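Some notes on the structure that comes next.
The values are calculated or read from the model by the stated rules, or taken from the named source; none is laboratory data. Predicted, not measured: the structure shown is a model, and the values here were computed from it. When we count neighbours, we look across all protein chains shown, and the Cβ atoms used for this are built from the backbone with ideal geometry, even at glycine. Each accessible area value is taken on the protein alone, full model and side chains, heavy atoms only, with ligands, DNA and RNA left out. Shrake-Rupley method; radii C 1.70, N 1.55, O 1.52, S 1.80 Å.
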Amino acid sequence: MYDSIIIGAGPAGGTAAYHLAKRGHSVLVLEKNSLPRYKPCGGGVSPAIAQWFDFDFSPAISVKVDSLRFTWKLEDPVEAKIGIQEPVWMVRRDIFDHFLVKQAQNQGAELRDNTEVTGIEFKTDHWQVNTANGSFSGRYLIAADGAKGPMAKWLGFKNRKRQLAGALEAEVTADVVNKNIAHFEFGLIKNGYIWNFPKADGYSIGVGTFIGGQPQDFKKILTEYSQLFNVDLTTGKQYGHPISLWNGEQKLHTQNAVLAGEAACLVDPFTAEGIRPSMFSGLLAAQFISEAIGGDINALENYTHAMNEQWGTDMAWAAKLASAFYRFPGIGYKVGVKRPSGAQTMGKILSGELRYADVASRALKRLIPSLGS
């Protein structure tokens, strides 16, 4: 009988496993794929996550970005240093996720990868988790199996508010000239943007749309965009995947179980940042499940409240900003991105130094009068 079973070995699952094991709890992590495994993702990580851990992430970081470059339909460029204490980390998810899980194992957590969960059953006071490789028992469950995982549905979260966005991403090997610059293109994509994040030996190039709309030819647009960097996307695989955006306050706990990471729809609806919120949810899930193990009958409900208050409140601002910006991106680019402080503000949000609540109301005031003029 484990104190906690965690389904999914991504950033949320790895973080929760690390902190629960560090507190002395018995932890089992179940992951359907063999680790390390590829995960389509731009791989931008806020350095703010370092404060939640007592080890050095350097072995898992590919490069660090201290500058952002924006374009509007490939023209009208804006480039600026972010001006933050620690540059934004760029990681490859196979390396980063595996590194994090290994830290949890060092604390005593058990990992069973290549083990897909086939069903769950609640037995009086604990969960039985069935897999192709046998059954396991745990007092508490953390569902961290991502946007496409079945756990949320199996746990009874059938009618939750979900806003699924779409993304197409490719990892390509290339000689990267400026490893310290992350690129963002607005205008070629409706209701979203294109990103190009440097890695030590190539680029992560992707496109995402965040507020719905008409279907677009992502592949064609990405192929054209990548040519600017002398990259041939046909040399590598392209991966389409859903993104679970935060879509309002909602319940994230049930009987002896919580949702974390993209299973909890935590992705930033403006930037599509998902790694930091996933890790934050893993951190809080570990804290409150530890309290539940200690006898606090309100602990899991408190997890829901904490996530809604400490992440959701700011995401409500992010959603308002996304709705205005992506519906009128030309104006957004002009009055937001092209402002002298625009790149720094974006960088500070990505790095965790600023919250949307600090800037969104002013940004919306600038954007909305411009819409009327």
Original post:
When residue 41 is evaluated against the numbered criteria (1) in a helix (DSSP H, G or I); (2) under 15 Å from residue 93 (Cα atoms), which criterion, by number, is the only one it fails?
Top reply: (1)
Original post:
Can you tell which of 114, 130 is surrounded by fewer than 22 Cβ atoms within 10 Å (Cβ to Cβ) and at positive phi?
Top reply: 114
Subject >> In the stretch 54-71, the residues that are more than 14 Å from residue 178 (Cβ to Cβ) and either open to solvent by less than 20 Å² (accessible area, probe 1.4 Å) or modelled with pLDDT under 95 (or both) >> reply: 57, 60, 70, 71
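Looking at the stretch 207-216, can you tell me whether even one residue there is assigned to a helix (DSSP H, G or I) and more than 18 Å from residue 44 (Cα to Cα)? I'd like the intermediate steps shown before the answer.
Taking the stretch 207-216 and keeping what is assigned to a helix (DSSP H, G or I), we get none.
Within the stretch 207-216, none of the residues are assigned to a helix (DSSP H, G or I) and more than 18 Å from residue 44 (Cα to Cα).
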**OP:** Would you list the strands (runs of 3 or more DSSP E) that sit entirely within the stretch 87-156 and hold 3 or more residues that are touching a residue at least 24 places away in the same chain (Cβ under 8 Å) and of a type in the set (A, V, I, L, M, F, W, C)?
**Re:** 88-90, 117-123, 134-143
**OP:** Specify which of the listed residues (247, 230, 191) is surrounded by fewer than 21 Cβ atoms within 10 Å (Cβ to Cβ), closer than 22 Å to residue 90 by Cα and either touching a residue at least 40 places away in the same chain (Cβ under 8 Å) or out of contact with any Phe, Trp or Tyr (no Cβ under 8 Å at 6 or more places or on another chain) (or both).
**Re:** 230
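In the stretch 1-47, how many residues are among the hydroxyl-bearing types (Ser, Thr, Tyr) and out of contact with any Leu (no Cβ under 8 Å at 6 or more places or on another chain)?
Going through the stretch 1-47, the residues among the hydroxyl-bearing types (Ser, Thr, Tyr) turn out to be 2, 4, 15, 18, 26, 34, 38, 46.
Next cut, out of contact with any Leu (no Cβ under 8 Å at 6 or more places or on another chain) only: 26, 34, 38.
Result for the stretch 1-47: 3.
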Original post:
Just a yes or no: is a residue in the stretch 198-221 touching a Phe, Trp or Tyr at 6+ places or on another chain (Cβ under 9 Å), over 27 Å from residue 281 (Cα atoms), buried (at least 21 other Cβ atoms within 10 Å of the Cβ) and free of Cβ contacts under 8 Å to residues at least 60 places away in the same chain?
Top reply: yes
